[in-house]
Amino acid sequence: MGINRTRPIDYRLRLSKDMHQWLKDRASSNYRTMMDEINMHLEQARERIENQSGTKKADITRQDEPSASTKI
């Protein structure tokens, strides 16, 4: 996804135990870290919202990059 993560912001996130386990399982099965899994889901949700509202900015996301789920 076209987001620049060179200087990440540190943010604590509270999750329910079942949400944490689900993310952990998904991250493991997709060969990603937990943080990459969380970011991937947030980016996908953001794209859906921007597409629905018509506020998608070309400089924020790039369609020519493969999605995180297709990267090996």
Only unsatisfied item for ALA27, checking (1) at positive phi; (2) modelled with pLDDT of 95 or more, is (1)
When segment 9-25 is examined, which residues are found to be exposed (fewer than 11 other Cβ atoms within 10 Å of the Cβ) and not in a loop (DSSP other than H, G, I, E, B)? LYS17, ASP18
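The values are calculated or read from the model by the stated rules, or taken from the named source; none is laboratory data. Keep in mind that what you see is a predicted model, and the values were worked out from it rather than measured. Cβ coordinates were reconstructed from backbone atoms using ideal geometry, including for glycine residues, and neighbour counts include every protein chain displayed.
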